[in-house]
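Trainee: Pasting a structure below so you can have a look.
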Amino acid sequence: MVQLTSLHYIYIFMVLVVMVTMAFRKDTVLPCIIGLFVMGYASSGSFVKGVQVIYNALIAAGTEFWGIIVVISLVVAMSQALRDIGADELMMRPIKKWMTNPTVAFFGLGIVMLLFSWFVWPSPAVALVGAIMLPGAIRAGLPAIWAAVAMNIFGHGVALSSDYFIQGAPAITAKAAAIENPMELIQASVPLWLTMSIVTVACSYFMMRKEMKSFETVAVTAELERPLKLSMGVWVVAVITPVAFLIDVFLMYKYQLRGGDATALVGGTAILIMSFTAIVQHNFVSSFEKITDYIRDGFGFGIKVFAPVIIIGAFFFLGSEGTAKAILGENATGLLSDMGLYLADRIQLSKFPVAVIQMVIGGITGLDGSGFSGLPLVGGLAQTFGSAIEVNKAVLAVLGQMTAIWVGGGTIIPWGIIPVAAICNVNPLDLARKNIIPVCIGFLATLIVALFIL
């Protein structure tokens with residue numbers, strides 16, 4: 001049986017401080033820095049160690065985020081090069097024909113993001129879809145914040161919580177729940193997944209429509225209608241760019257490239273396109289300095305966006321056992337996992353409290369910004385609860401899986417939605433606020449359906 005220590009209570013208190021700070025729409029960097037110091041001091045009893053933990057936590061978090069920072073920076077650099085030469089507008093011409101209004105843009109962007117996320121994972125999908133489709137969606141009148149909502153809800157929510165094609169999530173959850181065939185879990189997930197997806201997407205869409213009634217959205221501005229220099233080089237770049245990313249998708253499918261491997265392919269393609277575009281625009285000799293400028297601007301954007309997130313993520317990574325050990329030492333445990341088990345041990349069991357426990361624990365484990373870190377725990381709890389009372393173990397496991405991924409995968413944790421916020425150039429806190437009401441309504445609807453089929 002798990003026993004909570006003073007370290008757990010300090011962590012809970014600091015998490016609440018961060019949440020309250022967010023509720024008052026203030027930046028959470030300072031509370032996270034204080035939390036890191038307090039946790040370091042509490043775990044070691046040493047003032048010096050407390051100071052060192054702040055730095056070590058930032059290094060650990062930076063390592064976790066570095067791959068995303070690089071690919072976002074490279075895509076931004078490529079986008080700037082395409083914009084300078086005018087190729088971005090040429091690429092958007094076919095999309096403009098069917099992205100005729102915000103509604104079509106919202107669902108078009110979301111569905112494409114869903115399909116890409118199913119097959120190549122959300123992180124590389126953000127870069128792919130953002131680079132090619134986002135400008136067209138914004139030109140159709142979809143505000144950048146709602147473009148981010150569509151990409152986030154469909155990609156990191158609808159797609160990742162089901163993971164029907166790569167099947168990483170159901171495989172992990174099924175193994176922990178002692179379910180031999182992940183397909184059993186996938187079949188059990190369909191009614192819950194449909195409920196969560198339809199309710200959340202519908203709520204997001206109606207919130208968007210309500211907000212957009214309060215102001216007129218101008219689809220195309222004078223700046224966007226600038227004359228194009230339709231040289232042969234511009235046409236070549238405009239054709240090569242989408243073709244290159246389509247080839248990437250084919251290679252991902254053929255060679256089963258997933259996660260970091262897929263992201264690496266997207267990032268490498270982006271920097272090659274950026275370099276080629278600079279050469280076309282400025283000639284080979286003059287492109288040397290211009291390529292450096294694009295790289296500098298891209299990474300300047302990436303670091304500017306991610307700098308506070310590294311600090312916030314560093315604090316919440318203390319909840320995950322793997323990163324906690326790297327920060328606090330080998331004796332550290334997963335604080336969030338411990339709290340989940342503590343709750344499970346002390347609440348009387350029946351269908352309703354068990355379902356609520358699964359959702360609460362899934363949400364708690366998702367606070368570290370990694371929806372997958374909590375899957376072994378919710379799967380193990382489903383196995384435990386399934387042995388204690390008469391419930392559908394697979395449905396219970398799915399309920400925990402979906403909650404963990406929707407929270408931490410993520411749609412409502414600001415430090416888990418940075419890639420989408422960065423590519424759309426919106427504030428991650430604003431994106432989280434747009435998502436939280438639809439996602440919570442989706443959770444409630446999913447819980448109700450789960451109680452009927454458990």
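The values are calculated or read from the model by the stated rules, or taken from the named source; none is laboratory data. All values derive from a computational prediction rather than experimental measurement. Here the Cβ positions follow ideal geometry from the backbone for every residue, glycine too, while neighbour counts run over all protein chains shown. Quick note on the areas: whole protein, heavy atoms, side chains included, nothing else; ligands and nucleic acids left out. Shrake-Rupley method; radii C 1.70, N 1.55, O 1.52, S 1.80 Å.
Trainee: What is the residue count in the range 139-160 for residues that are crowded, with 24+ Cβ neighbours inside 10 Å and assigned to a helix (DSSP H, G or I)?
Mentor: Matching residues across the range 139-160 total 15.
Trainee: Answer yes or no as to whether PHE316 is under 26 Å from VAL29 (Cβ atoms) and in a helix (DSSP H, G or I).
Mentor: Here the answer is yes, as PHE316 does meet what is asked.
Trainee: Same structure, new question: Can you find, within the range 345-368, the residue that is least open to solvent (accessible area, probe 1.4 Å) among those that are in contact with a Phe, Trp or Tyr (Cβ under 8 Å, 6 or more places away or on another chain) and modelled with pLDDT under 70?
Mentor: ASP368
Trainee: Could you tell me whether the range 280-291 includes any residue that is out of contact with any helix residue (DSSP H, G or I) (no Cβ under 8 Å at 6 or more places or on another chain) and of a type in the set (Gly, Ala, Ser)?
Mentor: The answer is yes, given that some residue of the range 280-291 is out of contact with any helix residue (DSSP H, G or I) (no Cβ under 8 Å at 6 or more places or on another chain) and of a type in the set (Gly, Ala, Ser).
Trainee: Condition (residue is over 30 Å from LYS434 (Cβ atoms), crowded, with 17+ Cβ neighbours inside 10 Å and among the aromatic types (Phe, Trp, Tyr)) applied to the range 9-21: is it met by at least one residue? Break it down stepwise before answering.
Mentor: Step one: filter the range 9-21 for residues over 30 Å from LYS434 (Cβ atoms), giving 9-10.
Keeping just the survivors that are crowded, with 17+ Cβ neighbours inside 10 Å gives 10.
Next cut, among the aromatic types (Phe, Trp, Tyr) only: none.
No - not one qualifying residue is present in the range 9-21.
Trainee: A further question on this structure: Would you confirm, using the coordinates I've provided, whether GLY268 is modelled with pLDDT under 80 and either open to solvent by less than 70 Å² (accessible area, probe 1.4 Å) or in a helix (DSSP H, G or I) (or both)? So that I can check it myself, show each step before the final result.
Mentor: On the way: modelled with pLDDT under 80: no; either open to solvent by less than 70 Å² (accessible area, probe 1.4 Å) or in a helix (DSSP H, G or I) (or both): yes.
The answer is no for GLY268.
Trainee: So which of ILE72, ILE111 ends up being surrounded by fewer than 24 Cβ atoms within 10 Å (Cβ to Cβ) and either hydrophobic (A, V, I, L, M, F, W, C) or not in a helix (DSSP H, G or I) (or both)? Write out each step before concluding.
Mentor: Numbers: ILE72 fails: surrounded by fewer than 24 Cβ atoms within 10 Å (Cβ to Cβ).
That would be ILE111, the only listed residue that is surrounded by fewer than 24 Cβ atoms within 10 Å (Cβ to Cβ) and either hydrophobic (A, V, I, L, M, F, W, C) or not in a helix (DSSP H, G or I) (or both).
Trainee: Next question. Across the range 142-182, what is the number of residues that are of a type in the set (Gly, Ala, Ser), at pLDDT 90 or above and over 21 Å from ILE198 (Cβ atoms)?
Mentor: Result for the range 142-182: 1.
Trainee: Go through the range 275-291 residue by residue and tally those that are within 19 Å of ILE240 (Cα to Cα) and out of contact with any Gly (no Cβ under 8 Å at 6 or more places or on another chain).
Mentor: 10
Trainee: Within the range 384-429, how many residues turn out to be of a type in the set (S, T, N, Q) and crowded, with 24+ Cβ neighbours inside 10 Å?
Mentor: The initial filter retains those residues of the range 384-429 that are of a type in the set (S, T, N, Q), namely 384, 387, 392, 401, 403, 411, 425, 427.
Among the residues that remain, those that are also crowded, with 24+ Cβ neighbours inside 10 Å are: 401, 403, 411.
Residues that pass the stated criteria total 3.
Trainee: Cβ-Cβ distance below 7 Å, separation of 6 or more or different chains: which pairs start in the range 187-212 with a residue that is open to solvent by less than 50 Å² (accessible area, probe 1.4 Å) and end on one that is of a type outside the set (D, E, K, R) and not in a helix (DSSP H, G or I)?
Mentor: Qualifying pairs under 7 Å: ALA188/ASN392.
Trainee: Do you know which of the residues in the range 244-265 that are buried (at least 18 other Cβ atoms within 10 Å of the Cβ) and closer than 27 Å to ILE85 by Cα is modelled with the lowest pLDDT?
Mentor: Ranking the candidates gives THR263 first.
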